[in-house]
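*Asks:* This structure is in structure tokens; I'll ask about it shortly.
The values are calculated or read from the model by the stated rules, or taken from the named source; none is laboratory data. Source: prediction; values computed, not measured. Because the Cβ atoms are built from the backbone with ideal geometry, glycine has one as well, and the counts that use them run over all protein chains shown.
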Amino acid sequence: MIHIFFDIKENPWGGGNQFLKALRRIYREQGLYAEELEQAKIVLVNSHHFGDIEDLQRLLCFMRNNPDATLIHRIDGPVTLIRGKDEGTDNLIFQFNELFAAGTIFQSQWCLEHCRSLGLKIENPYKIIFNAPDTNMFFPINRKKQHNKIRLVATSWSSNPRKGFKVYHWMDKNLDWNKYEMCFVGNSNIRFKNIIHLPPVDSKTLAGMLQQHDIFITASQSDPCSNSLIEALHCGLPALALRDGGHPEIIGEGGVLFSKVEDIPALLNQLSSDIKSYRKKISLPSLKEVAQSYIDFMMNIHEKNRNTDFSLEKAEQMLRAYKKYRKDNTHNIFRRIRIKFLNLFKKRRF
């Protein structure tokens, strides 16, 4: 039984949340999902999202008391490159991975290489597996009605400037709006003149909107495995993307890449003149295939009993890293939690 140790949101949220929600649905349908941590044989932990100190306490105590359980760590990032600043998050992720992960799943080759370059030491098995959207919602349709203009669309739940807003702003001022129309769905701090801005919507609504467009645009920087891009490609939209992050791996021949904004008009013309051909070249694994890749990798590690030792020393080391990451004034509270945590951790059941 597999448990995803992540606070999954049902409302519109970031790409990682949407993927893990879809993955959970598949495992529920297959009867493989453990609703509670205590029922799990395999625990999938996402990045640094192991909650607050009490959640971390619960996770590590469970793993220590259940030596037959296997912890797999799904890593994105590096977060430093995605956010454009170092908040200590990557160090926390790397520390957790090196101390406790029996295996690691990276979302792209780019993600693996850049995590290594920032100091991640990988000694346990790992595998690169792309994300996939819920294919009950994100799938291509045959649109009978043709529009007068070529419809462009971009999406982002995050309003971080590194999600490509400078490029969208340039496009808003420089594209030929007699030929194109464009919609941006998500959160933005920029006011557009020509681009239509719509707020975040649920996945089903978003899928329906994507299916009514022709080309997807993404200019996000250092994005290891853009869920927005993958959702659009699964809806049959060829993409114009910044040559950065995991975009080239994901797009393959199903779109074109740009390095400078000045190249966008010519590349859009190239793409829009042969949309059907680019659409046929989109090649990505389905959600079921991705879910199976996760299972195969996790079960292989679990069956070989390649589990990590959850020692008291490792717990102490992780707690120190967590406190350094928090950087707040909760020293007394943290001290009380730490004493409680370490007392519980000593009580390992055999």
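*Asks:* Which pairs turn up if I take residues in segment 211-224 that are among the charged types (D, E, K, R) and look for partners that are part of a loop (DSSP other than H, G, I, E, B) and at pLDDT 95 or above with beta carbon separation below 8 Å, at least 6 apart in sequence or on another chain?
*Replies:* Correct list of pairs: 214/237; 223/244; 223/245; 223/246.
*Asks:* Can you name every residue in segment 118-132 that is surrounded by 13 or more Cβ atoms within 10 Å (Cβ to Cβ) and either small (Gly, Ala, Ser) or in a helix (DSSP H, G or I) (or both)? Quick ask: steps written out before the conclusion?
*Replies:* Here is the first cut: in segment 118-132, the ones surrounded by 13 or more Cβ atoms within 10 Å (Cβ to Cβ) are 118, 120, 122, 124-132.
Passing the criteria: only 132.
*Asks:* Can you name the condition, by its number, that residue 117 falls short on among (1) touching a residue at least 40 places away in the same chain (Cβ under 8 Å); (2) out of contact with any strand residue (DSSP E or B) (no Cβ under 6 Å at 6 or more places or on another chain); (3) of a type in the set (Gly, Ala, Ser)?
*Replies:* Answer for residue 117: the failing condition is (1).
*Asks:* Out of (1) at positive phi; (2) at pLDDT below 95, what's the single condition that is false for residue 252?
*Replies:* It fails just one condition, (2).
*Asks:* Counting only residues that are part of a strand (DSSP E or B) and of a type in the set (A, V, I, L, M, F, W, C), which one in segment 133-154 is surrounded by the fewest Cβ atoms within 10 Å (Cβ to Cβ)?
*Replies:* Kept after step one, since they are part of a strand (DSSP E or B), are these residues of segment 133-154: 150-154.
This time we only want the ones that are of a type in the set (A, V, I, L, M, F, W, C), so: 150, 152-154.
Numbers: 150: 19, 152: 23, 153: 26, 154: 29.
Per the stated criteria, the residue is 150.
*Asks:* Still on this structure, please answer the following. State all residues of segment 165-181 that are surrounded by fewer than 17 Cβ atoms within 10 Å (Cβ to Cβ) and outside any helix (DSSP H, G or I); if no residue qualifies, say none. Explain how you work it out, then say what you get.
*Replies:* Start the filter on segment 165-181 by keeping residues that are surrounded by fewer than 17 Cβ atoms within 10 Å (Cβ to Cβ), which leaves 166, 170, 173-174, 176-179.
Matches in segment 165-181: 176, 177, 178, 179.
*Asks:* Out of all the residues in segment 22-80, which are in contact with a Cys (Cβ under 7 Å, 6 or more places away or on another chain) and surrounded by fewer than 15 Cβ atoms within 10 Å (Cβ to Cβ)?
*Replies:* Kept after step one, since they are in contact with a Cys (Cβ under 7 Å, 6 or more places away or on another chain), are these residues of segment 22-80: 75-78.
Within segment 22-80, no residue meets the criteria.
*Asks:* Out of segment 278-318, which residues are in a helix (DSSP H, G or I), hydrophobic (A, V, I, L, M, F, W, C) and either touching a strand residue (DSSP E or B) at 6+ places or on another chain (Cβ under 7 Å) or in contact (Cβ under 8 Å) with a residue 40 or more places away in the chain (or both)? Step through it out loud before you land on a result.
*Replies:* Looking only at segment 278-318, we keep the residues that are in a helix (DSSP H, G or I), and these are 278-280, 287-303, 312-318.
Next, only the ones that are hydrophobic (A, V, I, L, M, F, W, C) stay: 287, 290-291, 295, 297-299, 301, 312, 315, 318.
Result: 287, 290, 291, 295, 297, 298, 299, 301, 315, 318.
*Asks:* Something else about it: How about segment 32-117: which helices (runs of 4 or more DSSP H) wholly inside it have at least 2 residues that are within 14 Å of the chain's Cα centre (by Cα)?
*Replies:* Numbers: elements: 53-65, 79-83, 89-100, 109-117.
The helices (runs of 4 or more DSSP H) meeting that bar are 79-83, 109-117.
*Asks:* Taking only segment 5-23 into account, find how many residues are free of Cβ contacts under 8 Å to residues at least 40 places away in the same chain and over 22 Å from residue 71 (Cβ atoms).
*Replies:* Selection size over segment 5-23: 2.
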